[in-house]
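Here the structure comes first, spelled out in structure tokens, and everything after it is commentary.
Nothing in this text is a laboratory measurement; each read-out follows from the coordinates by a stated rule. Note that this is a predicted model, so its numbers are computed, not measured. A quick note on method: Cβ atoms are made from the backbone with ideal geometry, for glycine too, and the neighbour counts reach across all protein chains shown.
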Amino acid sequence: MTRDRGWLGIAGVVAIGLVLSLALSERYHHRILTLVFLWATMGLAWNIISGYAGQISFGHQAFFGIGAYVTVLLAAKLHLTPWLGMLGGAGVAVLAALLIGTPTFRLAGIYFGLATLAYPLIFRILMDFLGYQEVAIPMVRDHPVLFMQFEEPRTFDLLALALLAATLVLSRLIETSRLGYSLRAIKENEQAAEAMGVDAFRCKMAAYVLSAAPAALAGAIYAHAILFVVTPDGVFGVIAIVQTLTVCLVGGVGTLWGPVIGAAIMIPISEILDATAGDRFPGIQGVVYGATLMAIMMWAPEGLFWRLLRRPASVARATPVVPAAATAEAPAAALGPVQLEVRGISKAFIGLQALADVSFEVREGEILGIIGPNGAGKTTLFNVLNGFLLPDRGEVRWLGQPITALRPHLVCRRGIGRTFQVVRFFPHLTVLENVMVGAFAHGDAPGAARERARDALGRVSLAGQADTLPAGLTTLELRLMELARCLATSPRLVLLDEPLAGLSSDGVEMMAVMIRRTRAAGVTVVIIEHTIQALVKLADRLVVLDHGRRLAEGAPGDVTRNPAVIEAYLGKRWLARHGPDHAATLRP
Amino acid sequence: MSRLTRSLALTLVLVLLAPMVAVPVAVAAEDVKIALVAPLSGRWARQGQLKKMGAEMAIEEINSQGGIKALGGAKIELREADAGDSVEKAVSAAQRVLTREKISAGIGSWLSSFTLGVTEVAERLQVPWLTLSYADNITERGFKYTFQTSPVSSLQAEQALDLVVEIGKKNNRPLKKAALVGDNTAATVFFFKPLREKLLAAKGIELVADEVWTPPLADATSIVQKLRATQPDIVFYGATNFPDSVQMLQKLKEFNVKTIIQGVGAWLVTPEYVKAIGKENLDGIQTVVAAHPLKGQEALVKKFVERTGEPFMTQDPLCTYAHVWLIKEAAEQAKSADPKAIREALAKIDLTAGPAATTLYPGRIRFDERGRRVGAIPIIVQWQNGEPYTVVPTAVSTRPLASVK
Amino acid sequence: MAASELAQYVVTGLLVGGVYALMSIGLALIFGIMRVVNFAQGDFMMLGMYLTFYYAVALGIDPLLGALLNIPPFFVLGLLVHRAFLARVTGGGDPNREMDAQLILTLGLSLVITNATTMILSPMPRSINAPYASKAFAVGPLLLNQARTYSFATALLLAAAVYVFLTRTDLGKALRAAADDPEAAGYQGINVRTMHGVAFGIGIALVAAAGGLLASYHPIEPNVAVNFIVLMFVAVVLGGLGSIPGAFVGGIVIGLVQSLTLLLLPLQLQNVGVFVAFLIVLYVRPQGLFGRRARTV
């Protein structure tokens, strides 16, 4: 969706909301409208942390409840106008987000969700204990508007609509900013994101804090428009998170239209059910919500928005990617100074010595291949170089500076890029947007990032695919995209983890051309490959690892004749039977 | 606009317009509609059910005697709404019933916590509301449309304490240690507060256990363990619903804790206790209520029992019966079914005769500017031989106070 | 405080912990074998309570026996629920997404079960009122509620039976194989999907049995699950997600924490102790006491 369409869409939603609010007259209809706007807002808030960043929170009602309680308590005890009290509520919610997020974001996966569950439960108990089990909004007759007490129910819808509009704008701003791209990268694969320079912890915290404020404001309005008496169960209870989840899941996660669609559909249905059948069948709402959640998870887990939206995959990919000819075969320049020094790296896991005293150097401008049989420790080595693992012993130096303990996103910003064995792309972003995530490593402005991304795509001959979705790409094109994403971080050295795996011989040829092109552009390349054959022609030097040890190092021709290397790959018996020279002619 | 956006917009508009078709439009009718918002499902359902019985009996009497004469014989119709088991449900029910049709006045919602929420709605929608709930704060909010006929919790606490201290002196077993055991709903809160803060200390009684829970009561064991360890002479008891209460009483029996039980509320005098606890174990348990059949009300009780099959009549149907008759009187005096007019009439009313006045002790209905009934006096009820009887005030008691063994 | 008073709190906590332990084993089994966090676990327990209530009131069967009689029908129910719903949720092949999707699916299932029960059976709480529910064994100065004591003993027996099943029988070993390495298990001829269904069935049957035991002394109502589901989660996380012995120990510990918290905090804050313990475990040692450190991201 282009930038302009997004803003236009927001304006459209607000306009429709306004029209409905002015047109409808029954009190009951206004109640429904207010609820639609409020839950859409809550959904959008949840979406910021759970949709964009993928950190599913089961405790967002904590902020909703904080907003409601702080605002009403300030009005009841200190006679403070809720217009200001609301801001106080949002402030407390933001503080709570910081306090809750700091320890909780260190948890991954299911543990994060479970931990978030605990907080609203604790707040519920505390409110009961403190004697706030029913805080009534004090009725103020002399300055009702100052205390958010409106005779005219329409005013509440408009207030809720204003909050919805603000939250839509906030979401859109996030979506199109560096933070938005970073969050989506984190959702897809946090490690890959870190390797592209994204500080995952800070981004998640930023998202969490930004998501707390609208939730708190929604809670404050909800208390005044719907509840009148704030109870722990009413604002911290399960129904709040269930409605939030339903609204987002039905409408679509990870997009700002999702919660709006979800709220527009689910809320009127549930309110009508409650009004018509609620007396005879108490609990009908719960059954409907529950059944909806189940149905969505089974048949449309991405939500209606993504289901209905069919982006035409660009057909242009029929044209075969033509390798730019021999210009890529630039003669290996005189090797530059040592850029990366690996000294005595050892790393053990339980029951396995993954790396044992590995040392080598990488010179500027060379293509270094790291090979070895399965389980040799190649990827572990990369993980150490990158900052994902801390070695037990040894040191890594980059441009003379030690980087052994540096976090991955900082390693990236120092100039070391990385690709991964399995390409993790962001399915809902275009190829260009995928590459943009990397482009943000050196700057905030989306426009400049877009340019850098386009440039990187051009360097891998993928410019034609910029506006397609990755789902339509071939394996080769995906790998090229990943390379582009890595190059967009403006690295001086790239670590490529099995870039040739799964490619046909034409594809291998093409990747090789790209790799040489990369080197020709002044980027040092370190490649892991499992098979020797491909690297023999590509690499300047090879380092061989076996069982975590550096077995051999040198020019490809020498290394492939090395008996120890042959034995490692093919076994003692083979070596004895065929001899070292035979190995060089082998096609693995 | 893209195809998608257009279809989304269309869906949005259609779905939002649907309620206009689904919700019935108010139909003008001659009958005077009274709303009853009470718990009809959940743990407080029994109380709501009893209220409904009382209301129905009064409505049938009024309608069969010619309806509201000042309105040309207009009949009364009851509109009930289930307050469920939470404040949100009660508030939601009140909103539903008060916005669907023109309601002249309302009654409910038994549990003080629910009443607080429901009256917030009634006040904003300007519909007069009668309640039997006890919590002080119901009539401390400066509301104009709320009318509380029961004596408030703090007053009940004072009088109950005076009574039990007097009994203790008379039986030569002075009270030295007391315990407060109850939930955190409003009536109990306002009953316990003055006891905790000053009344017990003023009588030289030590507070040895203060156990409050958020309903539903998950497990009575820990509370009874505490009572067993501290051995209070008297337990002021505010469980407010039968399931919580029966757990507590059974656990007391199991742990063999012997003490005087002074309850607050009519939830402690429903017939189910006899089967659940046993007649012998109920004997002597007292509770302070807003109303209970008094000397001279035998005919009313007989009619109720015959009509409903209940073994006896208690506060809930009594008060609701009185409330319906009170609204009828107000409508007669206002000569209107308009809620505002009825409110005016209630604010000025001074009844000393008629079913409403004679049901509520001491026989006069008049409200102060807060909406509180002037001169309301608590009634103390005691279980004797499987049935609860009014024992205090002695002038209208149906049985003398029995001493606890 | 007298030693006997303290001992009373400990005993109360242990007795209730035994039943928590049985509830939690079911949850741990389901997570351990299929990596599903079953939010609806408490609601199946609630259904088990109702079935035992029916056995007691309509057929005159003692609830302790009724609890055991819950096992066959709930095992079948578990198989059906798995086949109909859980097996269809794959999350697009991404294990993290899959776990989230199943969590939400089971959350939906929980809502449906609770609210449908409210609609059909009414929310009025009911009790079985077994005679031994309001009597206690006197052991010195200590009072042990009889129903809870019987339930504790039965819970221990059932837990031991599960342990033996998993470690000694072929089916049990097949289940564990399917959990440890689904691909390899598949090569060995083990139908992993069926194993998941069996695991779910056993997990549900266990928690329904726990419900039956609970029904002998606890009021039965549609919303009863909400009190226990969080306790179950805490117990399972404390023991280590996926570890059966861990869940057992976790359940006992949570029972004790709940009871002993009352020595420090008032009744209303009783569960705060449990939740704070939950958070501490998650932050300090998420793999719990017995769990393996799972590779998460």
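Over all orientations, chain A has a Cα convex hull whose mean projected area works out to 31.3 square nanometres. Against the longest alpha carbon principal axis of chain C, how many degrees, from 0 to 90 and to the nearest 10, is the axis of helix C:192-215 turned? The angle comes out near 10 degrees. Rank B:150, B:112, B:41 by mean-square fluctuation in a GNM of chain B with C-alpha springs under 10 angstrom and give only the top-ranked residue. Fluctuation is largest for B:41. When chain B is treated as a GNM with alpha-carbon contacts under 10 Å, the residue of B:229, B:160, B:93 showing the greatest mean-square fluctuation is B:229. Using 0.36 nm per residue and subtracting the Cα-Cα separation, the extra length available between residue C:157 and residue C:3 on full extension is 52.5 nm. Placing R0 at 35 angstrom, the Cβ-Cβ distance between residue C:135 and residue C:260 gives a FRET efficiency of 0.90 after rounding to 0.05. By the beta-carbon count within 10 Å of each Cβ, the least crowded to most crowded order of C:23, C:119, B:248, fewest first, is C:119, B:248, C:23. Summing Cβ point charges (Lys, Arg +1; Asp, Glu -1) relative to the Cα centre of chain A gives a dipole of roughly 980 debye.
Each of A:181, C:163 has some number of other Cβ atoms within 10 Å of its Cβ, and from fewest to most they run C:163, A:181. Region B:308-396 has equivalent-ellipsoid semi-axes of 29, 15, 10 Å, by the square roots of 5 times the alpha carbon gyration tensor eigenvalues, sorted largest first. Across the alpha-carbon set of region A:357-507, the Rg to Rh ratio works out to 0.98, Rh being the Kirkwood radius. Note on the protein assembly as shown: with charges restricted to the Cβ of Lys and Arg (+1) and Asp and Glu (-1), its dipole about the Cα centre is near 980 debye. Specify whether the C-alpha gyration tensor of region B:173-296 places it in the rounded, prolate or oblate class, a ≥ b ≥ c being the square roots of the eigenvalues: rounded for a/c under 1.5, otherwise prolate if a/b is larger than b/c and oblate if not. Here region B:173-296 falls in the rounded category. With equal scatterers on the alpha carbons only and no solvent term, can you work out the Debye log10 of I(q)/I(0) for region B:243-396 at 0.15 1/Å? Result of the Debye calculation: -0.84.
May I ask you to work out the translational diffusion coefficient for region C:3-284 at 37 °C, viscosity 0.692 mPa s, via Stokes-Einstein with Rh from the Kirkwood sum over Cα pairs, reported in whole µm²/s? Answer, rounded: 171 µm²/s. Normalise the Debye intensity by I(0) for region B:65-116, one equal point scatterer per Cα, no solvent, then take log10 at q = 0.13, 0.14, 0.19 Å⁻¹ and round to two decimals. Cα-only, vacuum Debye calculation for region B:65-116: -0.40, -0.45, -0.68. Positive end of the charge dipole of chain A (Lys, Arg +1 and Asp, Glu -1 on Cβ, about the Cα centre): tell me which of A:132, A:559, A:384 has its Cα farthest that way. Selected residue: A:559. Rounded to the nearest 500, the helix-only mean residue ellipticity at 222 nm of chain B stands at -13500 deg cm²/dmol, with each DSSP H run of n ≥ 4 adding -39,500 (n - 2.57).
In the protein assembly as shown, a dipole from Cβ-located charges (positive for Lys and Arg, negative for Asp and Glu) runs towards its positive end, and of B:156, A:200, C:218 it is A:200 whose Cα lies farthest in that direction. Calculate the FRET efficiency for residue C:227 and residue C:83 from the Cβ-Cβ distance with a Förster distance of 35 Å, rounded to the nearest 0.05. After rounding to 0.05, the efficiency reads 0.75. Distance between the 7 Å Cα→Cβ label points at residue B:102 and residue B:64: 2.9 nm. Annotation for residue B:335 and residue C:54: the two label points, set 7 Å from Cα along the Cα-Cβ direction, are 6.3 nm apart. Could you check how many percent of all C-alpha pairs in chain B are farther apart than 25 Å? So the pairs more than 25 Å apart make up 57 percent of the total in chain B.
Between the Cα long axis of helix B:242-254 and the first principal axis of chain B there is an angle of about 20°, rounded to the nearest 10. Taking 0.36 nm per residue of separation and subtracting the current Cα-Cα distance, fully stretching the chain between residue A:533 and residue A:341 would add 66.5 nm.
All C-alpha pair distances within region A:427-490, sorted into 5 Å bins from zero, spread as 4, 24, 34, 24, 11, 2, 0 percent across the bins. Each residue of region B:82-87 is assigned a 3J(HN,Hα), and the resulting list reads 7, 7, x, 10, 8, 4 Hz, derived from the Karplus form 6.51 cos²θ - 1.76 cosθ + 1.60 (θ = phi - 60°), x at Gly and Pro. Simple spin-label estimate for residue C:164 and residue A:392 gives 4.3 nm between the two label positions (7 Å along the Cα-to-Cβ direction from each Cα).
Residues A:66, B:260, A:566 in ascending order of nearby Cβ atoms (within 10 Å, fewest first): B:260, A:566, A:66. The Kirkwood radius of region C:1-145, taken over pairs of alpha-carbon atoms, gives through the Stokes-Einstein law at 10 °C and 1.306 mPa s a diffusion coefficient of 89 µm² s⁻¹. Using only Cα atoms and rounding to the nearest 10 degrees, what angle (0 to 90) does helix A:505-520 make with the longest principal axis of chain A? Relative to chain A, helix A:505-520 is tipped by roughly 90 degrees. Each of C:56, C:3, C:122 was placed along the dipole of region C:3-284 (beta-carbon charges, centred on the mean Cα), and the one lying farthest toward the positive end is C:56.
Scalar couplings 3J(HN,Hα) for region C:98-110, obtained by applying the Karplus form with A = 6.51, B = -1.76, C = 1.60 to θ = phi - 60°, are 5, 5, 4, 4, 6, 4, 5, 4, 6, 5, x, 4, 4 Hz; x denotes Gly and Pro. A P(r) calculated from all alpha carbon pairs of region A:3-237, with 5 Å bins opening at zero, reads 1, 7, 14, 17, 18, 16, 12, 8, 5, 2, 1, 0, 0 percent. Extension gain, residue B:307 to residue B:170, is 45.2 nm, computed as 0.36 nm per intervening residue step minus the present C-alpha separation. How many percent of the alpha carbon pairs in the protein assembly as shown exceed a separation of 48 Å? Distances greater than 48 Å cover 42 percent of the Cα pairs. In order along region B:205-218, phi translates into HN-Hα couplings of 9, 8, 8, 9, 8, 9, 10, 10, 10, 8, x, x, 6, 6 Hz, rounded to whole numbers, per the Karplus curve 6.51 cos²θ - 1.76 cosθ + 1.60 with θ = phi - 60° and x for Gly and Pro. Rounded to the nearest 0.05, the FRET efficiency derived from the C-beta distance between residue A:151 and residue A:26 at R0 = 25 Å is 0.95. Based on the Stokes-Einstein relation at 10 °C and a viscosity of 1.306 mPa s, and on the Kirkwood radius from alpha carbon pairs, region C:59-154 is assigned a translational diffusion coefficient of 92 µm²/s.
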